[in-house]
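Input: a single structure, listed below in structure tokens.
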Amino acid sequence: MSTTEFESLDKCLESHLPEEELKEVKRILYGKETKKLELPSSAVDAATDRDFELKGFQFDAAQEQLRPPRKVRVGLVQHHIVLPTDAPVMEQVNAMHSRIGEMVEVAAMCGVNIICFQETWTMPFAFCTREKEPWLEFSESAENGHTTRFCQELATKHNMVIISPILEREDVHNTVWNTAVVISNSGNVLGKSRKHHIPRIGDFNESTYYMEGDTGHTVFQTHFGKIAVNICYGRHHPLNWFMYSMNGAEIIFNPSATVGTLSEPMWPIEARNAAIANHCFTCAINRVGTEHFKSEFTSGDGQKAHHDFGHFYGSSYVAAPDGSRTPGLSRTRDGLLVVEMDLNLNRQISDRWNFKMTGRYSEYAEELTEAVRPDFKPKIVK
């Protein structure tokens, strides 16, 4: 069986392990079992008709005496591109809008409050090719572009916060960025968060198109909680998650585009570890499918020239601060993951483990200040 046919780790375990062993394996792999979330039959039927996977889970918190529960439902969307990569640009964008519109309708049926799409969701992940045309034509304004206006309509219609990662063109300086636009449930553009770390590894050499973002570790206060967006490669940097958390993020979304041969063994670990270390919820989103390009490309990594750069393995999931996580979506199918979480769990776990109270941040800051000096000498005793 090839990696593109292997649907999910969960299904493999369920097919081959007895029930009691399966329960223990999942406890070790995923932490405390997450309850399945009852979803409306109309939503289940609609997802089946529109040919995408729909799963629902929930994280509970202990009942408190002084604070009522703060329950929020998030939606994570993963999907293939709809049209071939050589189709006209606007046709590709409009086809993606149509597909996402179908999936958001189902999310609304499930009571989703905040939804996040995958990295640069309106286009193929063409940054591996290093060609400028036609890929830069997918870029658009974060504030009033075609895609932002589309998402504003959805947000207003469904009373839903929308995180829309796009290829942004900033007109004043004619610069291009990898950007997540955050749209409030009232339809206003709340702000944007640009990709903070840019990979230069194998096929993923994205500095051909855009550079490190300049929006810092912005956190957005929404009607449903404080959220942040840690785009793709930023998940490999623990301090990146940490800074969003230090700015008060209760939920950190990680919209990504990553292929199996490069990063899949790390995928189940990084967002989950970030949730544990930072006393917050994390949401990891990855696209699915293999995207083929007309021109061959090589990436200076010893590989032969090729027309694609591997299988995007989906597997989107949500992790909680107590170390538990949901099962993932499929590695091969479009999908919507709906997760209900009680944000009170963040403080409850923080009170138990006290990572922020016991962190030596002033000491770290002093040593990091020294470490970035050109005359830095490591403290090594010989």
- prompt: Being in a loop (DSSP other than H, G, I, E, B), under 15 Å from the mean Cα position of the chain (by Cα) and within 20 Å of residue 118 (Cβ to Cβ), is that true of even one residue in region 212-231?
  reply: yes
task: Could you list, in sequence order, all residues of region 110-139 that are surrounded by 22 or more Cβ atoms within 10 Å (Cβ to Cβ) and of a type in the set (Asp, Glu)?
output: 119
statement: Of (1) over 23 Å from residue 230 (Cβ atoms); (2) at pLDDT 95 or above, residue 77 satisfies every one except (1)
field: Hey, residue 190 of a type in the set (A, V, I, L, M), touching a strand residue (DSSP E or B) at 6+ places or on another chain (Cβ under 6 Å) and surrounded by fewer than 22 Cβ atoms within 10 Å (Cβ to Cβ) or not
entry: yes
field: Set 66, 83: member being modelled with pLDDT of 95 or more, closer than 30 Å to residue 351 by Cα and surrounded by fewer than 23 Cβ atoms within 10 Å (Cβ to Cβ)
entry: 66
- request: Pull up region 86-109, narrow it to residues that are out of contact with any Lys or Arg (no Cβ under 7 Å at 6 or more places or on another chain) and outside any helix (DSSP H, G or I), then point me to the one that is surrounded by the most Cβ atoms within 10 Å (Cβ to Cβ).
  value: 87
query: Counting only residues that are among the β-branched types (Val, Ile, Thr) and out of contact with any Gly (no Cβ under 7 Å at 6 or more places or on another chain), which one in region 207-221 is nearest to residue 139 (Cα to Cα)?
result: 208
query: List, please: which pairs have Cβ atoms under 8 Å, are six or more places apart or on different chains, and start with a residue in region 21-35 that is over 24 Å from residue 270 (Cβ atoms) and touching a residue at least 12 places away in the same chain (Cβ under 8 Å) and end with one that is loosely packed, with under 12 Cβ neighbours inside 10 Å and not hydroxyl-bearing (Ser, Thr, Tyr)?
result: none
statement: Here the qualifying pairs (Cβ atoms under 9 Å; residues six or more apart or on different chains; first in region 194-217 and within 25 Å of residue 134 (Cβ to Cβ); second in a helix (DSSP H, G or I) and among the small types (Gly, Ala, Ser)) come out as 195/234; 198/207; 199/207; 200/207; 209/126
query: So, of the residues in region 232-258 that are over 14 Å from the mean Cα position of the chain (by Cα) and assigned to a loop (DSSP other than H, G, I, E, B), which turns out to be farthest from residue 329 (Cα to Cα)?
result: 247
query: Which residue out of 332, 261 is over 30 Å from residue 352 (Cα atoms), among the polar types (S, T, N, Q), in a helix (DSSP H, G or I) and touching a residue at least 24 places away in the same chain (Cβ under 8 Å)?
result: 261
statement: Across region 1-53, the tally of residues that are among the charged types (D, E, K, R), in a loop (DSSP other than H, G, I, E, B) and surrounded by fewer than 11 Cβ atoms within 10 Å (Cβ to Cβ) stands at 3
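The values are calculated or read from the model by the stated rules, or taken from the named source; none is laboratory data. If you're wondering where the values come from, they're calculated on a predicted model, not measured in any experiment. Note: ideal-geometry Cβ built from the backbone for every residue, glycine included; neighbour counts use all protein chains shown.
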